[in-house]
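Working notes for the structure below.
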Amino acid sequence: MALQFKIQLTGIEKPPVWRRVLVADQVTLDVFHQVIQAAFGWENCHLYRFSQLAWKSDPIYKIPDEYDDQTVRDSRVVKLSEIFIRPNQTFTYLYDFGDDWIHHIILEEISDEKITRPLCIDGKSACPPEDCGGPPRYSNLIEVLNDPKHPEHKHLRKWLGLRKGEQWDVNAFDINAANVRCSKIFFA
């Protein structure tokens, strides 16, 4: 079966950042993490966890480590079908425990379709760059980039790798690029 999810970053409203993906119901949460990374364009260089309510939930689903002090279920073995059983269920995906990128996940549809790779079928807006400081700092980054007289303007343009005349487009979303990244993830 295929599950259709809408995944939206919280704390960013103007414009909102979201992706809609199709995923096989038998993949693990760890593979789903990889799908989210690919669909958004994150670089997969930070820790993650799934839970009902971000930080305030038990159990959490992640790759266990020696620092765990609450109920942890291994995301490499828990399948989506164990958690998502009916449309409109919600869950939370937290990526980068410093920047705290909280993603609201909603299961929109369940179909009998058989899929062997994830597919990004829709989305909106550019994914914030890694390590920019989370939603409040991302908003500040956009302000600075839009103000050539700001003292940090040149530094942040260089940090983002923007060439002369190139702008950071908060509305940019390339579904083809998202699907090229997603196509590298195979379901067993």
Task: Members of the range 144-164 that are loosely packed, with under 13 Cβ neighbours inside 10 Å and within 23 Å of the chain's Cα centre (by Cα) - done: Gly161
TODO: Could you figure out which of (1) surrounded by 15 or more Cβ atoms within 10 Å (Cβ to Cβ); (2) of a type in the set (Asp, Glu); (3) more than 17 Å from the chain's Cα centre (by Cα) isn't true of Asp58?
DONE: (1)
Task: Residue in the range 77-91 that is surrounded by the fewest Cβ atoms within 10 Å (Cβ to Cβ), counting only those that are of a type outside the set (A, V, I, L, M) and touching a residue at least 60 places away in the same chain (Cβ under 8 Å) - done: Ser81
TODO: Looking only at the range 26-47, decide whether some residue is crowded, with 17+ Cβ neighbours inside 10 Å, outside any loop (DSSP other than H, G, I, E, B) and touching a His at 6+ places or on another chain (Cβ under 9 Å).
DONE: yes
- [ ] With the condition kept exactly as written, say whether any residue in the range 98-114 is without any contact (Cβ under 8 Å) to a residue 60 or more places away in the chain and more than 17 Å from Gln8 (Cα to Cα).
- [x] yes
Task: Within the range 65-75, tally of residues that are surrounded by 13 or more Cβ atoms within 10 Å (Cβ to Cβ) and over 15 Å from Ile36 (Cβ atoms) - done: 3
TODO: Only residues in the range 156-172 that are touching a residue at least 40 places away in the same chain (Cβ under 8 Å) count as the first member; pair them with residues that are part of a helix (DSSP H, G or I), Cβ under 7 angstrom, at least 6 apart or cross-chain, and list the lot.
DONE: Trp168/Leu145; Trp168/Leu160; Val170/Ile142
- [ ] Mind checking which strands (runs of 3 or more DSSP E) fall wholly inside the range 53-138 and carry at least 2 residues that are of a type in the set (Phe, Trp, Tyr) and either within 24 Å of Asp174 (Cα to Cα) or at pLDDT 90 or above (or both)?
- [x] 90-95
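Within the range 92-106, is there a residue that is loosely packed, with under 13 Cβ neighbours inside 10 Å and either farther than 30 Å from Ala2 by Cβ or not acidic (Asp, Glu) (or both)?
Among the residues of the range 92-106, at least one is loosely packed, with under 13 Cβ neighbours inside 10 Å and either farther than 30 Å from Ala2 by Cβ or not acidic (Asp, Glu) (or both), which makes the answer yes.
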Task: Residue in the range 7-23 that is closer than 13 Å to Tyr95 by Cα, hydroxyl-bearing (Ser, Thr, Tyr) and in contact with a Pro (Cβ under 9 Å, 6 or more places away or on another chain) present - done: yes
Open item on the list: If the requirement is being of a type in the set (Lys, Arg), closer than 17 Å to Ala38 by Cα and touching a residue at least 12 places away in the same chain (Cβ under 8 Å), which of these qualifies: Arg137, Arg117?
Closed with: Arg117
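The values are calculated or read from the model by the stated rules, or taken from the named source; none is laboratory data. Remember, predicted model here, so these are calculated numbers, not experimental data. Note: ideal-geometry Cβ built from the backbone for every residue, glycine included; neighbour counts use all protein chains shown.
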